[in-house]
Amino acid sequence: FSNQYTEEEARKLGVVGWVKNTSQGTVTGQVQGPEDKVNAMKSWLSKVGSPSSRIDRTNFSNEKEIPKLDFSGFSTRY
């Protein structure tokens, strides 16, 4: 996953959180924002991704309503 594209898409949509490439060749992360924006980001992560990524499957879990955002922006973790 090219994190630059993911961060760019998150900024465009107005969601916050983080993503991280794992040693197993998968991506993990957290996305927060208005439900419609989060759904748009999930759709992008499932179908589009970055130009060099190949998406076999996506798994979104622990979805819940939150009173406020825990992050101020969108970042890549290493």
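The values are calculated or read from the model by the stated rules, or taken from the named source; none is laboratory data. Since the structure is predicted, the reported quantities are computational estimates derived from the model, not experimental observations. Please note: Cβ atoms are built from the backbone with ideal geometry, for glycine as well, and neighbour counts cover all protein chains shown. Accessible surface is based on the protein model in full, side chains and every heavy atom, while ligands, DNA and RNA are left aside. Shrake-Rupley method; radii C 1.70, N 1.55, O 1.52, S 1.80 Å.
Data for the structure
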{"quantity": "DSSP-defined antiparallel bridges as percent of all bridges, region 3-76, nearest 5", "calculated": "65 percent"}
{"quantity": "Built amide H within the under 5 Å cut-off of Ser53, gap 5+", "calculated": "Ser2"}
{"quantity": "Around Lys42: net Lys/Arg minus Asp/Glu count, Cβ-Cβ under 12 Å", "calculated": "-2"}
{"quantity": "FRET efficiency, 1/(1 + (r/R0)^6) with R0 22 Å, evaluated for Leu69 and Thr22 via beta carbons", "calculated": "0.35"}
{"quantity": "Neighbour cut-off at most 11 other Cβ (10 Å), DSSP loop, GluC sites (Glu not before Pro), the chain", "calculated": "Glu63, Glu65"}
{"quantity": "Once the Cα gyration tensor of region 3-76 is diagonalised, semi-axes √(5λ) in Å", "calculated": "19, 13, 12"}
{"quantity": "Sequence of Val15, Val31 when ordered by accessible area, the most exposed leading, probe 1.4 angstrom", "calculated": "Val31, Val15"}
{"quantity": "Residue of Pro67, Pro51, Pro34 that the Gaussian network model of the chain assigns the largest fluctuation, springs spanning Cα pairs under 10 Å", "calculated": "Pro67"}
{"quantity": "Region 3-76 - percent of accessible surface contributed by carbon and sulfur, probe 1.4 Å", "calculated": "46 percent"}
{"quantity": "Accessible surface, the chain, averaged per residue in Å² (probe 1.4 Å)", "calculated": "72 Å²"}
{"quantity": "Helical mean residue ellipticity (222 nm; -39500 (n - 2.57) per DSSP H run of 4+; nearest 500) of the chain", "calculated": "-9500 deg cm²/dmol"}
